[in-house]
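Okay, structure first, notes after.
Any read-out appearing in this document is the output of simple, stated calculations on the displayed coordinates, not a laboratory observation. Keep in mind that this is a model prediction, so the values were computed, not measured. Here the Cβ positions follow ideal geometry from the backbone for every residue, glycine too, while neighbour counts run over all protein chains shown.
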Amino acid sequence: MAVKQVLEHPISQVLTNIIYSARLQSAAPLDYATPSFPSLYWPYKAKPGVANYLYDTYDIWRFTLLWTLMIYAICHIVVVVFAVLMQLGKGKKAWKYVWTFPIIYCAIAGVEALLAGSIVGLILGAVYNAGYFRMSTWFPFIWALINVLVLITSSFSIEGGL
């Protein structure tokens with residue numbers, strides 16, 4: 001009974017409220033507004049207030065996902081152009097199914113980018129929010145490039161020697 005009375009005491013409730021309200025809820029400034037999508041800036045010799053930062057996990061995830069979708073689409077379009085060009089000398093029979101190449105490549109690019117961009121974006125958002133860090137808008141772009149480089153590297157067989 002004594003413990004219950006202490007926990008219900010008004011002073012202990014006030015102390016509990018003070019402790020929980022002292023925790024920082026967000027590292028974002030009070031006047032923070034999420035920057036528009038690309039919001040890439042030149043970091044060297046940037047004037048004060050020009051730099052754009054991301055604070056929320058949702059924004060970090062969204063920027064990473066959008067950049068990953070765009071870069072995956074560009075890379076897969078380049079690859080599908082080469083795949084279609086390889087069919088030029090094959091005759092009319094090959095052209096019956098060549099039109100499906102862009103559709104298949106775009107679908108694969110979309111699924112891969114959705115998975116890679118979401119996983120990396122959510123991990124980045126969790127890490128940056130756990131440390132109350134701000135993220136430059138360049139980092140989602142760089143991580144999208146890293147995703148594509150991992151995809152390209154994993155497409156090669158590494159078993160064989162040079």
Item to complete: Could you please rank ILE158, ILE142, ILE119, placing first whichever residue has the fewest other Cβ atoms within 10 Å of its Cβ?
Response: ILE158, ILE142, ILE119
Worksheet item: Once amide H atoms are placed 1.01 Å from N in the peptide plane, what residues at a sequence separation of 5 or more from SER136, or on another chain, have their amide H within under 5 Å of its amide H?
Response: LEU54
Worksheet entry | Extension gain (nm, one decimal) between PHE101 and LYS45, 0.36 nm per residue minus Cα-Cα | 15.6 nm
Discussion item. Please list 3J(HN,Hα) in residue order for region 59-67, calculated via the Karplus relation 6.51 cos²θ - 1.76 cosθ + 1.60 where θ = phi - 60°; whole Hz, with x for glycine and proline.
Written reply: 5, 5, 4, 5, 4, 5, 5, 5, 5
Response to the item:
When the charge dipole of region 59-152 is computed with +1 at the Cβ of Lys and Arg and -1 at the Cβ of Asp and Glu, the Cα pointing farthest to the positive end, of TYR132, TRP99, ILE152, is that of TRP99
Discussion item. For region 63-109, which trypsin sites (Lys or Arg not before Pro) pass both filters: DSSP loop (anything but H, G, I, E, B) and at most 16 other C-beta atoms within 10 Å?
Written reply: LYS92, LYS93
